[in-house]
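Below is one structure; the comments refer to it alone.
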Amino acid sequence: MFVARSIAADHRDLIHDVSYDFHGRRMATCSSDQSVKVWDKSDDGEWHCTASWKTHSGSVWRVTWAHPEFGQVLASCSFDRTAAVWEEIVGESNDKQRGLSHWIKRTTLVDSRTSVTDVKFAPKHMGLMLTTCSADGVVRIYEAPDVMNLSQWSLQHEISCKLSCSCISWNPSSSRAHPPMFAVGSDDNVTYTGKVQIFEYNENTRKYAKAETLMTVTDPVHDVSFAPNLGRSFHVLAIATKDVRIFKLVPLRRETTTTSGPTKFEVQVMAQFDNHNSQVWRVSWNITSTLLASSGDDGCVRLWKANYMDNWKCTGILRGDGTPVNGTSGQAGAANTTGPSGTLASQAAAGGAVSAGRPKAQLMPG
Amino acid sequence: MSGSKPDILWSPHHVDRYVICDSELSLYRIGSIGSAERKAGTLPLSEETAATLLAINSDTPYMKCVAWYPKHEPECLLAVGQANGRVVLTSLGQSPNSKCKELMGKEFVPKHARQCNTLAWNPWDSNWLAAGLDKHRADFSVLIWDISSKYAPDVSVPMEKIRLSSGDTDSGLVVTKPLYELGQNDACLSLCWLPRDQKLLLAGMHRNLAIFDLRNTSQKTFVNTKAIQGVTVDPHFHERVASFFEGQVAIWDLRKFEKPVLTLTEQPKPLTKVAWCPTRTGLLATLTRDSNVIRLYDMQHAPTPIGDETEPTIIERSVQPCSDNSVISSFAWHPSAQNRMVVVSPNRAMTDFTVFERISLAWGSTTSLMWACGRHLYECTEGAAERDRDIATKMRQRAQNGYGHDTVQVWRNHLLAGGDDPQLKSLWYTLYFMKQYTEDLAQKQQGSKQSLIYSGIKNIVKSSSGTTENRRCWRGSDRQTDVARYNSEERSLALQLCGWIGRGPEVDVEPFLKSLEQEGEWERAAAVALFNLDIRRAIQILNRGASSEKGDLNLNVVAMALSGYTDEKNSLWREMCSSLRLQLKKPYLCVMFAFLTSEPGAYDGVLYESSVAVRDRVAFACMFLNDTQLPRYIDKLTNEMKEAGNLEGILLTGLTKDGVDLMESYVDHTGDVQTASFCLLMGSPGEVVKDTRVQCWIENYRNLLDAWRFWHKRAEFDIHRSKLDPSSKPLAQVFVSCNFCGKSISYSCSAIPHQGRGFSQYGVSGSPTKSKVTSCPGCRKPLPRCALCLMNMGTPVSSCPGSGKMDEKVDLTRDKKLAQFHNWFTWCHNCRHGGHAGHMLSWFRDHSECPVSACTCKCMQLDTTGNLVPSDSS
């Protein structure tokens, strides 16, 4: 059962991204109002905005936290063609008492000639590395060689994806058996081709090479997200396109120990849901990658969970404004769905059927 | 607005009123469904809202267009443009003596009758009403009327026209002289006033868009284009205008009026309405004919550096407001409620609808989901206790309960895990038995077998030798059974691991049966008794089960059936039991009859009944399968368990590579790295722990604990781990060297060559030599002074100002005092000033800057993570 509550965000325009830090005690939001806000959770569980500042001269698309071992560091990317790295510094003496913190810009990454659509830090075992992708189809990987000096970033890799990029996700696995790997999604709606590409680092060439293109995903992709690996023997990738899709990438054992080519994967579709009945915008995994949340143009947030037999089903629906989904609209959405997930849709509708009288939105598992 | 197709208009000032106009005008009030429920005649618009019809006005026939008076007073004043070009002021639901009485019914008549296409009130000077008309020879097509003007006969208007128009209305209410006449020899299809100036009017003319400046009517700016319909100004960006033609929308920037800055993708059907969202920047809604979707264009505009041609990015969306896929005739944005609109279908069915923004979302580390919808944030957390909670929540709960840390009564760990997971129960009992018998064998100095136990039954039965076969009698009867039972040392060890028999040499299942009876597992107990060839005991157990609380009386029936057992091959009993047993719902009852009715040596009905616990099936196999059948069965079962990632299979695989394979499958399915880590740390410190997969699970589990701020639990886990895997012990993290001689000042470290753990002890620990602790053990030079008490470090803290009594109590014992944290060396890594930990802590309770004079370092605030409190501090 999930309970939703509203938080006064006080952004002057659309919020484009929300991001938690490693411990889940801090949160950053970014908006079309060109600002980023940092929120801290107090001991009573309330969120307080402790910093809000103008970061870019355009809509800020995404904001993301570095691992806390690198300090309190944020990265943001914007329509103004830049990405920026921010660090919290200990401010004036009474800032802490007033519950405010001070963030300063450490660097602006200006290599892109178009809107920077996503920014992500690489997993921490790779060091302090930052990846951006932009609408001109280039993925850039920067590294801060000196973690004490965040104003120095060197562009290590520039990878052309040939398609306008919308989102990027690192494989978080820290296992030495898995070379660094990331997935890029494209929202290009002109060409008919695979819209999710997976790149892998090659130790020998010291370059990233394409390991896989998910040819079955041909519609514009709005978000990709690798699941926390948690020591599993395979990787799971969730994709937000015209539906929610979950792919399983099983690395095939290499025949010889010193192959130079990228890892081959056995790609399986674990689940595909069109319950949103419209474009899906975002997908996000929980820490154990056992719950997936997705949001769609139907204004709903849906939660997905796999049972022991790897059958994924909807365990909850919440409307974007936190109100419960009940009555006709939920069922109508379900009735429109077709194909293999028809049964799941009906479960979803049942899951959403909650009495309207409750003050808070409550979700029963479907 | 062709008669049949209804259009919709929101009141500019009443957020709950709107007008539907087709052949007549109907005023509706929108309200929550709760308040309107009882009243008759309300129309539900959505799950929460309903509309009430307030008034109908059918005074004005041949309506072509309607515009709502923009000012607050008089309310509900509407201008209606008619097919003959007349503009009539009318009202809805007004009390007769209201302010606008004199305006009501007022008519504005053009010189030549032709269709009135569009109306627009001037938002500043609300007396001005612009009307756009069809072409009539060389006449003007844009007329601006002043609604306050009185009727004045105009010489330029032919008399018969006046007579004609005044024939059907009261005299004095007809106005024929417009304030301005524009657009000669042209047609006007759409109009809107520009917010830039009250005297600027944008008109969609026959083949161009024209801006008329009323300050100088001879001048007009125009651009030739086909997109002349539905001109509308972006309320948030006053230079931006949208217009359309057929299926194409053009976006104009009035500062660069030469060509559209943007044209949106063409729709196959002609557009009927285009409207900017009044509550959100850059959102344009469009509707095409006979469509059931509203297409939205979200324009994110770039900063426009001078001379730089940046094309805005457009995100296209389509929404389907009506759940029944019905066609939309028209729509209207709510003037103030965010992204809300009401749509109306050709048959006047209305739907209240909110366009949701793209929702972005993120999971926190503690199963809380945050999402942003529009300008608002919502947090969602997993609710109260439930059986099928997510594994992340379960692991958190288990970590808090100390799951995995009970290394003596190992089986208790399944209770710490919640006690409701049969697999975990089986796993921890298996590990408990393994530990127990390893210790037993260790006492008996049987080192060779010791390692065998943790390698699982699969390896134990493989090493089996000297199996004896005997045929025993049914207990309490003399008759010889034809059931062969096999015995060997390894087989009884396997039985012990299965938990059927206890420690010691005698093979007695009675204690096991007793414990099963206590737990109310009657069927299982009966089956175990039966497998030990004791029908009488089995019947007794079933009877007891039937008479127990919540007992199942059917057990008596089963007992009856059981008592009729006969080993005759062709008896009716055997025939019926083998067919009817499949209808038994309880697996243990089913396998009892399977055993009794099967041929000796062919026990598939028992061995492959998957609802029976693995340990019982294995124990059964160890008793009744011969040396060739048994390993084959065990191998098969092991592979099945490995495939499924079933933890019960650890009994078979033990903590071997096979066990790691099985655990890998379990982790793949569940993500439960916690159980995997603890389980594989249980065994003997073998190669298993060094497996990269195991190391990976352990690292992932530690990372989870860190993310949850369960730092104490992580530290406890590390201690637990280092007991079994000494190689995991971290090296000393910090060394402190003397300023003078450069040697380590740690007494203990100098005594024991660098083995870690040193840093808790430097300077303060009671070293064996008990020399002066305030000086360097190498060169006898004094240690630095505490910045607060100005004593050399190593001097015990006498009292901490600000943290009074607590310390004095502890001060009683000198030894304790020496080990106290308050005496520790601390220093700021930034400014390198420091002192006794206790002094420093109490200083920073009231200060933010370093205690050393002229040092402005904010030592305590430098580390944000350091200011986080662990969430598991107990």
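Summary table below
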{"quantity": "Residues in the stretch A:20-36 that, when all protein chains are in place, have 40 Å² or more less accessible area than the chain alone would give (probe 1.4 Å)", "calculated": "A:20, A:22, A:23, A:25"}
{"quantity": "Reachable lysines, given that their alpha-carbon falls under 23 Å from the alpha-carbon of residue B:101 and they are not under 8 places away in the same chain", "calculated": "B:71, B:150, B:177"}
{"quantity": "Separation in nanometres of the label points that stand 7 Å from Cα toward Cβ, at residue B:289 and residue B:43", "calculated": "2.4 nm"}
{"quantity": "Qualifying trypsin sites (Lys or Arg not before Pro) for the stretch B:551-645 [loop in DSSP, other Cβ within 10 Å: at most 13]", "calculated": "B:569, B:585"}
{"quantity": "Sequence of B:608, B:588, A:142 when ordered by accessible area, the most exposed leading, probe 1.4 angstrom", "calculated": "B:608, B:588, A:142"}
{"quantity": "Cα-projected label distance for residue A:46 with residue B:325, points at 7 Å along beta-carbon direction, nm", "calculated": "4.9 nm"}
{"quantity": "Surface share of carbon and sulfur [accessible, 1.4 angstrom probe, percent] for the stretch B:465-626", "calculated": "51 percent"}
{"quantity": "Theoretical FRET efficiency, 1/(1+(r/R0)^6), r = Cβ-Cβ of residue B:741 and residue A:189, R0 60 Å, to 0.05", "calculated": "0.25"}
{"quantity": "Nearby aspartates and glutamates by direct alpha-carbon distance to residue B:5 (threshold 20 angstrom, same-chain neighbours under 8 apart not counted)", "calculated": "B:22, B:24, B:59, B:246, B:290, B:324, B:352"}
{"quantity": "Neighbourhood net charge (13 Å Cβ-Cβ; Lys/Arg +1, Asp/Glu -1) for residue B:137", "calculated": "0"}
{"quantity": "Estimated FRET transfer efficiency (residue B:102, residue A:54; beta-carbon r; R0 56 Å; 0.05)", "calculated": "0.60"}
{"quantity": "Three-way shape label, the stretch B:465-626, alpha-carbon gyration tensor, a/c 1.5", "calculated": "oblate"}
{"quantity": "Listed residues B:829, B:839, B:669 arranged by accessible area, highest first, probe 1.4 Å", "calculated": "B:829, B:669, B:839"}
{"quantity": "Accessible area (Å², 1.4 Å probe, nearest 10) - residue B:519", "calculated": "110 Å²"}
{"quantity": "Cβ-based net charge around residue B:417, under 9 Å, with every Lys or Arg adding one and every Asp or Glu removing one", "calculated": "+1"}
{"quantity": "Where a label projected 7 Å from the Cα of residue A:146 along Cα→Cβ would reach, residues of the stretch A:102-121 with amide N under 15 Å", "calculated": "A:107"}
{"quantity": "Reduction of at least 50 Å² in accessible surface, 1.4 Å probe, comparing all protein chains with the chain by itself, residues of the stretch B:332-372", "calculated": "B:356, B:358, B:359, B:360, B:361, B:363, B:365, B:370, B:371"}
{"quantity": "Residue-normalised accessible area of the stretch B:465-626, expressed per residue, 1.4 Å probe, Å²", "calculated": "47 Å²"}
{"quantity": "20 Å Cα-Cα threshold exceeded, pairs from B:458/B:642; A:37/A:120; A:162/A:195; A:242/B:269; B:462/B:642; A:120/B:713", "calculated": "A:242/B:269; A:120/B:713"}
{"quantity": "Size of the A/B contact, given as accessible area buried on both chains, probe 1.4 Å, in Å²", "calculated": "7000 Å²"}
{"quantity": "Surface share of carbon and sulfur [accessible, 1.4 angstrom probe, percent] for the stretch B:821-861", "calculated": "55 percent"}
{"quantity": "Cross-link partners of residue A:248 among aspartates and glutamates (Cα-Cα below 12 Å; sequence separation of 8 or more within a chain)", "calculated": "A:266, A:310, B:668"}
{"quantity": "Added length on full extension, which subtracts the Cα-Cα distance from 0.36 nm per residue, residue B:780 to residue B:570", "calculated": "65.7 nm"}
{"quantity": "J(HN,Hα) series, the stretch B:715-721, from Karplus relation 6.51 cos²θ - 1.76 cosθ + 1.60, nearest Hz, glycine and proline x", "calculated": "5, 4, 5, 4, 5, 4, 5"}
{"quantity": "Sequence of B:503, A:282, A:113 when ordered by accessible area, the most exposed leading, probe 1.4 angstrom", "calculated": "A:113, B:503, A:282"}
{"quantity": "Per-pair calculated FRET efficiency, R0 = 25 Å: residue B:536 and residue B:462 via Cβ, rounded to 0.05", "calculated": "0.10"}
{"quantity": "Ordering of A:319-325, A:268-274, B:368-374 by burial proxy (mean other Cβ atoms within 10 Å per residue, highest first)", "calculated": "B:368-374, A:319-325, A:268-274"}
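The values are calculated or read from the model by the stated rules, or taken from the named source; none is laboratory data. For clarity, every value in this text was computed on a predicted model and none was experimentally measured. Here the Cβ is made from the backbone with ideal geometry for all residues, glycine too, and neighbour counts use every protein chain on show. SASA here: full protein model, heavy atoms, side chains in, ligands and nucleic acids out. Shrake-Rupley method; radii C 1.70, N 1.55, O 1.52, S 1.80 Å.
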